[in-house]
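In what follows, a structure is listed as structure tokens, so that the remarks can point back to it.
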Amino acid sequence: MSAARLPPLPSIRDILKLYRLNAIKRLSQNFLLDQRLIDKIISKSGHLTGSQVLEVGPGPGGLTRSILKQVPKRLVVVEKDRRFKPTLDMLADSFGAINGQMDIIYDDITKINLENLFPMEEKRDWDDKNPDIYIIGNLPFNVSTPLIIKWLHAIAERRGPWAFGRTKMTLTFQKEVAERLVADVSHHQRCRLSVMAQTWTFPVLRFIIPGSAFVPKPDVDVGVVSFTPLVKPRTQHDFKFFEKITRHVFSFRQKYSIRCIETLFPLDCRKELGLMMYKLSDLDPKLRAFQLTVHDIDRLATAYKYLVEKHPEIGLYEYHASRHLLPLSNTRDIVIEDYVET
Ligand code: SAM
């Protein structure tokens with residue numbers, strides 16, 4: 001990697017002391033101060049020199065400095081906590097001093113429109129090589145998991161940063177979630193999140209960072225995962241539709257997957273239509289959910305679509321809604337939890 005020399009800056013540890021930047025527990029802030037590990041994350045994120053980079057949750061700027069050393073054409077950071085303004089301003093000024101451009105947005109990454117952040121000239125065709133746009137973030141776990149689900153949806157629909165082509169991203173997760181994202185068929189960590197991530201991207205678990213490397217130390221270790229969108233997604237089905245089938249497939253871990261698929265249908269026709277799904281998909285009903293490949297789940301989705309087209313009333317049946325009768329405000333949390341808790 002080619003590296004630039006930024007004007008001398010105080011260490012992140014000194015900055016935290018100087019501006020009294022205590023980590024806020026409510027925002028799950030854990031800072032990474034180990035330069036070797038920071039540089040390792042950045043070196044796994046892509047060829048940043050001359051590219052557009054979006055960093056989410058820069059905090060005091062440890063990763064930000066390492067990104068700037070690679071001299072991107074432009075760095076945009078999105079940070080929710082305005083207490084970091086003096087340190088981020090200092091970095092933007094230092095980068096400006098060597099003719100670089102760093103823009104700072106104080107906002108919630110889950111709420112802003114990311115499509116306007118990048119110039120049109122960076123746009124590539126989907127099946128072309130990846131655009132020179134990279135997304136990097138060491139976010140709190142309670143943000144990174146819902147965010148990856150939201151971004152997988154955007155990848156499927158080629159929206160936001162993926163309107164520019166197959167933009168790569170490198171994000172941190174709680175170690176167990178990172179392992180689930182990459183868990184292959186038959187792996188004990190295989191779950192709905194594995195299938196959804198692997199249907200639209202090629203996720204790679206780069207390395208694990210021990211919790212002890214963070215200040216303050218979280219209770220868990222951290223996995224660094226990079227995602228490259230697939231040229232050809234492993235399904236042609238719509239994201240929400242495929243997600244529904246995958247959710248049902250993983251509704252019981254130890255039972256035959258046909259028992260899970262049956263929950264797609266009302267009680268009176270459950271057995272008959274469940275069996276028909278396996279016949280149409282040419283699959284063994286005794287396979288467990290974690291033994292199904294993405295291709296198998298895609299075939300089940302195609303079979304379900306066929307049945308719903310023949311009998312549209314089936315598509316209106318909602319197993320979970322009728323079972324839990326949750327107040328609407330709670331459903332989002334349950335769905336997200338469901339992704340990690342299999
Ligand atoms: N990147 C820094 C590092 O590695 O030391 C900070 C990491 S800390 C785990 C997560 C950072 O993300 C904090 O600075 C926090 O304020 C910020 N953050 C949390 N939720 C956010 C959100 N929804 N949008 C943008 N930033 C967020």
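The values are calculated or read from the model by the stated rules, or taken from the named source; none is laboratory data. This structure is a prediction, so every number in the text was calculated from the model and none was measured. In this analysis, Cβ positions are derived from the backbone assuming ideal geometry, glycine residues included, and neighbour counts consider all displayed protein chains. Just so you know, the surface numbers come from the protein's heavy atoms only, side chains and all, with ligands and any DNA or RNA stripped out. Shrake-Rupley method; radii C 1.70, N 1.55, O 1.52, S 1.80 Å.
Would you work out the charge dipole size for region 70-114 about its Cα centre, treating the Cβ of every Lys and Arg as +1 and the Cβ of every Asp and Glu as -1, and quote it to the nearest 20 debye?
60 debye
Using 0.36 nm per residue of separation minus the Cα-Cα distance, give me the extension gain between Asp268 and Ser28 in nm, one decimal.
81.7 nm
With a cut-off of 8 Å between alpha carbons and a minimum separation of six or more residues, what is the relative contact order of the chain in percent?
For the chain, the relative contact order is 14 percent.
How far is helix 85-97 tilted, in degrees, relative to the longest principal axis of the Cα atoms in the chain, given as a value from 0 to 90 rounded to the nearest 10?
70 degrees
What accessible area per residue comes out for region 181-241, rounded to a whole number of Å², with a 1.4 Å probe?
Computed with neighbouring chains in place, this is 42 Å² per residue.
Using only the heavy atoms of the protein chains and a 1.4 Å probe, how would Tyr278, Tyr256 rank by accessible area, largest first?
Tyr256, Tyr278
GNM on the chain, C-alpha springs below 10 Å: top fluctuator among Gly160, Gly315, Gly274?
Comparing Gly160, Gly315, Gly274 in the GNM, the peak value goes to Gly315.
Obtain the nm distance between the two label points defined at Asp219 and Asp14 by a simple spin-label model: each point lies 7 Å from its Cα along the Cα-to-C-beta direction.
According to this spin-label approximation, the distance is 3.6 nm.
Just from its helices, what would the mean residue ellipticity at 222 nm be for the chain, if runs of 4 or more DSSP H residues each count -39500 (n - 2.57) and the sum is divided by every residue, rounded to the nearest 500 deg cm²/dmol?
Roughly -11500 deg cm²/dmol at 222 nm, from the helical runs in the chain.
Which of the three applies to the chain, rounded, prolate or oblate, going by the alpha-carbon gyration tensor with a ≥ b ≥ c and a/c under 1.5 meaning rounded?
prolate
Choose one of Leu117, Ala163, Pro140: the residue whose Cα lies farthest towards the positive end of the charge dipole of region 79-184 (beta-carbon charges +1 Lys, Arg; -1 Asp, Glu; about the Cα centre).
Pro140
Using only alpha carbon pairs under 8 Å that are at least six residues apart, calculate the relative contact order of region 202-295 and give it in whole percent.
So the answer I get is 21 percent.
Size of the dipole of the chain about the Cα centre, Lys and Arg at +1 and Asp and Glu at -1 on the beta carbon, nothing else charged, in debye to 20?
580 debye
Taking +1 at the Cβ of each Lys and Arg and -1 at the Cβ of each Asp and Glu, which of Val78, Gln29, Leu9 sits farthest along the dipole of region 1-105 towards its positive end, judged by Cα position relative to the Cα centre?
Most positive-ward Cα: Gln29.
Once a ≥ b ≥ c are taken as the square roots of the eigenvalues of the Cα gyration tensor of region 30-114, is the result rounded (a/c under 1.5), prolate (a/b larger than b/c) or oblate (a/b not larger than b/c)?
It is rounded, given that a/c, with a ≥ b ≥ c, falls under 1.5.
Under a GNM of the chain (C-alpha, springs under 10 Å), which listed residue has the highest mean-square fluctuation: Ser11, Ser281, Ser194?
In this elastic network of the chain, the residue with the biggest mean-square fluctuation among Ser11, Ser281, Ser194 is Ser11.
Just want the answer: with Cβ charges of +1 for Lys and Arg and -1 for Asp and Glu, which residue in Val215, His187, Asn99 is farthest toward the dipole's positive end in the chain?
Val215
Could you give the size of the charge dipole of region 1-143 about its Cα centre, using +1 on the Cβ of each K and R and -1 on the Cβ of each D and E, expressed in debye and rounded to the nearest 20?
720 debye
By its C-alpha gyration tensor, with a ≥ b ≥ c as the square roots of the eigenvalues, how is region 106-230 shaped: rounded for a/c under 1.5, else prolate for a/b larger than b/c, else oblate?
oblate
I need to check one value: relative contact order of region 12-161, counting alpha carbon pairs closer than 8 Å and at least 6 residues apart, in percent.
Value for region 12-161: 25 percent.
Angle check, please: helix 270-281 long axis (alpha carbons) against the longest principal axis of the chain (alpha carbons), in degrees 0 to 90, nearest 10.
That helix lies at roughly 70 degrees to the long axis.
Please report how many Lys pairs in region 105-260 have alpha carbons closer than 19 angstrom, counting only residues at least 8 apart along the chain or sitting on separate chains.
12
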